[in-house]
Amino acid sequence: MNKTCCFTGHRPKSLPFGYDEGAEGCKRLKALLTESIEKQITENGVTHFISGMAMGVDIYAAEAVLELKEKYPHITLECAIPCETQANRWSEGWRNRYFDIIYRSDDAQTLQTHYTSDCMMMRNKYMVDNSDVVIAVWNGKKSGTGNTVDYALKNGKKVIIIDPNTLK
């Protein structure tokens, strides 16, 4: 039986290295994400991945899945887009990455046309409801990521937590 894994995690402003993807911490986090994703493929039978496409961890994870597709061509990536305007206010660089991932993905689900105060939460619930495993990059503090982890645990999902401060 095929299994599905989704991602939840902080945006760059809440990560210890911020937007500096050249920082050693960011490089290590991306390597840990790739390692965790590959482990789900090889040890847990995961073949489908869902990214919420937010800046930071969601984008890093989606890029890792696309990179791993070269080695594991049977895996698929779905983009769970909370609203059509998600990337409207992002920098050009982030927007380019966002649209490149959507273009290269196997599926993209846009859950709402316009932004609403609960569209991110609805996206997170959609991802968890359609997953067996959640990989969370979470610092343990109250946040959207924390709410998603709580929701996943309450719904009996396997949750793998990576602390962005300790990278464990």
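Annotations
- Modelled this way, with points 7 Å down the Cα-to-C-beta line, the labels at residue 88 and residue 121 are 2.1 nm from one another.
- Residues 5, 119 arranged by fewest to most Cβ contacts within 10 Å: 119, 5
- By the beta-carbon count within 10 Å of each Cβ, the least crowded to most crowded order of 122, 127, fewest first, is 122, 127.
- Approximate spin-label separation residue 28-residue 160, in nm, with each point projected 7 Å along Cα-to-Cβ: 1.8 nm
- The range 1-43 versus the range 54-95: alpha-carbon centroid distance in Å: 12 Å
- Size of charge dipole - the chain - debye, nearest 20, with Cβ of Lys, Arg +1 and Asp, Glu -1, no other charges: 440 debye
- Likely footprinting exposure, 103, 19, fewest C-beta neighbours within 10 Å first: 103, 19
- When each full DSSP H helix of the chain is screened for a Cα extent of at least 27 Å along its own axis and an average Kyte-Doolittle hydropathy of at least -1.0, the helices passing are 24-44.
Where a number appears in this text, it was derived from the coordinates with a stated rule and is not lab data. Owing to the predicted nature of the structure, the values given are computational and were not obtained by experimental measurement. Quick reminder, even Gly has a Cβ in these numbers, built from the backbone with ideal geometry, and neighbours come from all protein chains shown.
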